[in-house]
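Colleague: Below is the structure I would like to discuss, written out as structure tokens.
The values are calculated or read from the model by the stated rules, or taken from the named source; none is laboratory data. This is a predicted model, so every value here is computed, not measured. Cβ placement follows ideal geometry from the backbone for every residue including glycine, while neighbour counts extend to all protein chains displayed.
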Amino acid sequence: MAGAPASSRHGRSAGFQPAWPERRLPAGMAGAPASSRHGRSAGFQPAWPERRLPAGILNQVIIMLVADVIMWFLVIVGVCVAFPALWLLSRGLYPRQVENIADYLDKSLVKPFFMGLPIAAAGFFIVAVLGGKKSPFMDIAAFLTLGAILFYANIGVAGLATMIGRRLPSPSDAERAWKGTLRGGTVLVLSFVFPFLGWFCILPFSLIIGAGALTSRLIAGRRSGGGFIVKPNKIEAESAKTNVAHAGADETVRMTS
């Protein structure tokens, strides 16, 4: 192979002819010169065209993201408002029963949980079967069944919220006993919003415990022969006395300290 003369081995002379043909990149794949490898020069042409989203598509993506954020925000706000309202409704419709459930849950939460598990499983199975039928009537039946099960469970959850409110006493509970339900319900529903723990543990466990507690009280009422109705104002009076005693003790400790 013919090379360059000895005097010009380290550089090309005007009449230099290499032994192999010189290969060059196509014009579209030509890169930047050696002096500007780490930056683009004015005449730089990339090997592939630069792709950018059109302005209209980019605006649509931003609008969709903002819409999703607003949707989830409204869902969270709706949950935080709807659940305490449902528990107050349950207390307004069945005041003595909710107090009775709160007394029952104050002793233990384990037994109502295991009693509510088969109820939750049966309800889930019924809703899944009705929803699996490709019929609008079955879909309506599935929604109605789901609503009935949730309302049934939330009557028990109202007792759970009342029990939590009793453990956070206030002097105003003596005149407005429903404030204990509201206070406990606010704490409970805010715990539902906690990521993962609230979504997959506290919320389903509360519904299961509520269904089990209500079922247990219904069975106990039938066995006693008195149904689910207790003596009027007995539970409310005992609850008010307990709340006042707790509030008085807290006030005494505060004054002495």
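Colleague: Could we say that Asn243 is at pLDDT below 95, buried (at least 19 other Cβ atoms within 10 Å of the Cβ), in a helix (DSSP H, G or I) and among the polar types (S, T, N, Q) here?
Modeller: Yes; evaluated as a whole, the condition is true for this residue.
Colleague: Quick check on this structure: which one of Pro169, Pro204 is out of contact with any Leu (no Cβ under 6 Å at 6 or more places or on another chain) and either of a type in the set (Ser, Thr, Tyr) or modelled with pLDDT under 95 (or both)? Walk me through how you get there before you give the answer.
Modeller: Working: Pro204 fails: either of a type in the set (Ser, Thr, Tyr) or modelled with pLDDT under 95 (or both).
When all the criteria are applied, what remains is Pro169.
Colleague: Here's a follow-up. Quick check: is even one residue across the range 158-168 touching a residue at least 24 places away in the same chain (Cβ under 8 Å) and farther than 30 Å from Phe73 by Cα? Outline the logic, then answer.
Modeller: In the first step, residues of the range 158-168 are kept if they are touching a residue at least 24 places away in the same chain (Cβ under 8 Å); the result is 158-164, 166.
Subsequent filtering for residues that are farther than 30 Å from Phe73 by Cα retains 166.
Yes, the range 158-168 contains at least one residue that is touching a residue at least 24 places away in the same chain (Cβ under 8 Å) and farther than 30 Å from Phe73 by Cα.
Conditions tested, residue by residue: (1) charged (D, E, K, R); (2) over 16 Å from Leu207 (Cβ atoms).
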residue	(1), (2)
Leu117	no, no
Ala121	no, no
Phe124	no, no
Ala128	no, yes
Pro136	no, yes
Asp139	yes, yes
Ala142	no, yes
Leu146	no, no
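Colleague: Moving to a separate point now. Check Ser216, Ser206, Ser170 and return the single one that is farther than 21 Å from Tyr104 by Cβ and either in contact with a strand residue (DSSP E or B) (Cβ under 7 Å, 6 or more places away or on another chain) or of a type in the set (Ser, Thr, Tyr) (or both). Can you show your working first?
Modeller: Working: Ser216 fails: farther than 21 Å from Tyr104 by Cβ; Ser206 fails: farther than 21 Å from Tyr104 by Cβ.
After applying the criteria, what remains is Ser170.
Colleague: Could you say whether any residue in the range 170-189 is under 19 Å from the mean Cα position of the chain (by Cα) and not in a helix (DSSP H, G or I)?
Modeller: No, because not a single residue in the range 170-189 is under 19 Å from the mean Cα position of the chain (by Cα) and not in a helix (DSSP H, G or I).
Colleague: Of the residues Gly147, Gly123, Gly131, which is more than 22 Å from the chain's Cα centre (by Cα) and part of a helix (DSSP H, G or I)? Even if it seems obvious, please write down each step before you answer.
Modeller: On the way: Gly147 fails: more than 22 Å from the chain's Cα centre (by Cα); Gly123 fails: more than 22 Å from the chain's Cα centre (by Cα).
The conditions single out Gly131.
Colleague: Is the range 89-109 home to any residue that is more than 20 Å from Gly221 (Cα to Cα), surrounded by 14 or more Cβ atoms within 10 Å (Cβ to Cβ) and among the hydrophobic types (A, V, I, L, M, F, W, C)?
Modeller: The answer is yes, given that some residue of the range 89-109 is more than 20 Å from Gly221 (Cα to Cα), surrounded by 14 or more Cβ atoms within 10 Å (Cβ to Cβ) and among the hydrophobic types (A, V, I, L, M, F, W, C).
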